[in-house]
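Only one structure is covered here, and it is reproduced in the block below.
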């Protein structure tokens, strides 16, 4: 067994690998860029090596620097995690020449499966079900349109070296195929340095289901059931679960056997994943094989009890698999939610910034958190915007879902935008609860984007009761500070008006009474009584309580005139005042936002990849104005109406800040 390994990655996956390695008694070496000098994976590892500037192309993607770090520290093996060099055959050849073990599959498997075109041909030859399409290299957008017409719309346009949702576009007509080809090619060059694109039939209303495999160097290959990754946005997985509610034992076995067949074809030796598209009738088609550890691997670990990172290390060290196919059992249900630094209300634009306040839910047998951040950590523009993976486990799907919703309520992140409210809303939806989800789920449930979760009447009333209680606690603490006896603090006003605004901007007032009870306190309004137990004090970000006997947690933030509470993905601003001030508030004029319609404002920090227009040019609605790359994804900004360009303030290659004016239009 190895005594020291280097982790050629960063963030949550580096931290996760370090945990298993250290539990096995193996020392670990972290590599880090300038941006990651204070990163959690660097703090956790036994040793650290600086490898260069912040952009991945100048640090984590430079094989020479990784190899030099391994040689310098005497590392016997390298675990690549996922992304970066994890599926780079040339990197594996270099390690072999230096007598450093790659903790992953062999060069043959990586080379064969890393190319989506070639892997599809190999799968078809091996007898694995494949999707109809055109796998030869496509020279330009015009040819892509012709091929798409021949295959039949809708089609999926994909980068051959793609992954993680990058270099992928769905096209429903010739115009979309033309634009999709160009966008996919640009993204493929930027992310993978490979501009080859292919086209295949897009299976409508599909499930994205993948099979986890393990193979050793002694000829054994097994499969560890499946993961359902159908809840996706822009082909990027959002929520995963294991097992899948769609599969029966017969289909699971058939998919597992085909996954093993493909793995044996390439002499697979490590953990890997064979991905399938499955239609509503359980017909399944090979999508791709990922020759690495998957982001969503924890859900498989939960339902099988098998540590996949440990198995990868043992296989790389030459050990035989100690697990047979008959040993693999499915127990319980697991879910994973990916927490990203992004703003769902603003079209999921990536966010950057420093984490000012960070509170994790308590980890136990049912809740696990894989993360690479901490309070004070920074999310930069250089890498993937993932903050953490929240994983829950239950005896069945309903229990795993219950634990997930509770954990999201108890997870507090302040300092930058994130997607937790969106995740809660997805999990609460009737369609998700019924397990009736396809890869179209988000597009169908949020056709106009995410505008915020909807509040039920009972949730709204509970949040008002909590806010009034928090205000009473605040007032009580203030009076105590002035020298009043604490027993008298509660008499400092116990009648307040709570004012909220609905989605249309209409205000709603609630006249409330607050009083102390033997068990805690109570709030009454609209003829209802809310008995509340809590130990909350001003300054705490989580309001833990029992309201009418039901345990409820609210994220709470004090603002000048009240509080902002969040629960179940719903955010509510509650203004609290006495009756006189509530009356005067209505007389205050509203501040009107400035008209910014004559400007194109940068929606996120990023790199201006290309400026598509020039000063004086007349553009049509829908025309591309510019392309911005942020956190490894291209974002195309288009004209909303017919316009004339008055002034262009940026050029290709410029780094842009959020809200920076890119273009000014004629009035």
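Brief remarks on what is shown
- For the stretch 101-126, a tally of residues being under 20 Å from residue 69 (Cβ atoms) and within 28 Å of the chain's Cα centre (by Cα) returns 3.
- Residue 520 being more than 28 Å from residue 426 (Cα to Cα), surrounded by 14 or more Cβ atoms within 10 Å (Cβ to Cβ) and not assigned by TED's automatic domain parsing to the domain that holds residue 653: yes
- The number of residues in the stretch 346-370 being surrounded by 16 or more Cβ atoms within 10 Å (Cβ to Cβ), in contact (Cβ under 8 Å) with a residue 60 or more places away in the chain and more than 17 Å from residue 541 (Cβ to Cβ) comes to 7.
- Residue ranges of strands (runs of 3 or more DSSP E) in the stretch 562-667 with at least 2 members crowded, with 19+ Cβ neighbours inside 10 Å and under 30 Å from the mean Cα position of the chain (by Cα): 562-567, 570-577, 606-611, 624-630, 633-638
- When residue 144 is tested against the conditions (1) closer than 21 Å to residue 208 by Cβ; (2) assigned to a helix (DSSP H, G or I); (3) in the same structural domain as residue 182 (by TED's automatic domain parsing), the lone failure is (1).
- Annotation: residue 113 fulfils all but one of (1) without any contact (Cβ under 8 Å) to a residue 60 or more places away in the chain; (2) buried (at least 19 other Cβ atoms within 10 Å of the Cβ); the unmet one is (1).
- Entry remark, the stretch 127-139: residues being under 12 Å from residue 196 (Cα atoms) and in contact (Cβ under 8 Å) with a residue 40 or more places away in the chain number 4 in total.
- Boolean, residue 345 is modelled with pLDDT under 95 and either in contact with a helix residue (DSSP H, G or I) (Cβ under 7 Å, 6 or more places away or on another chain) or farther than 29 Å from residue 5 by Cα (or both): yes
- Residue in the stretch 468-486 that is surrounded by 12 or more Cβ atoms within 10 Å (Cβ to Cβ), under 30 Å from residue 592 (Cβ atoms) and at pLDDT 90 or above present: yes
- When the strands (runs of 3 or more DSSP E) confined to the stretch 348-431 are screened for residues that are over 22 Å from residue 556 (Cα atoms), those reaching at least 2 such residues are found at 367-371, 386-394.
- Evaluation of residue 330 against (1) out of contact with any helix residue (DSSP H, G or I) (no Cβ under 8 Å at 6 or more places or on another chain); (2) at pLDDT 95 or above; (3) surrounded by fewer than 19 Cβ atoms within 10 Å (Cβ to Cβ) (one fails), failing number: (1)
- Annotation: of all residues in the stretch 90-100 being surrounded by fewer than 19 Cβ atoms within 10 Å (Cβ to Cβ) and not in a loop (DSSP other than H, G, I, E, B), the one that is farthest from the chain's Cα centre (by Cα) is 97.
- The residue that is farthest from residue 74 (Cα to Cα), among those in the stretch 45-59 that are crowded, with 18+ Cβ neighbours inside 10 Å and at pLDDT 95 or above, is 59.
The values are calculated or read from the model by the stated rules, or taken from the named source; none is laboratory data. All values derive from a computational prediction rather than experimental measurement. Don't worry about glycine lacking a Cβ; one is built from the backbone with ideal geometry, like all the others, and counts go over all protein chains shown.
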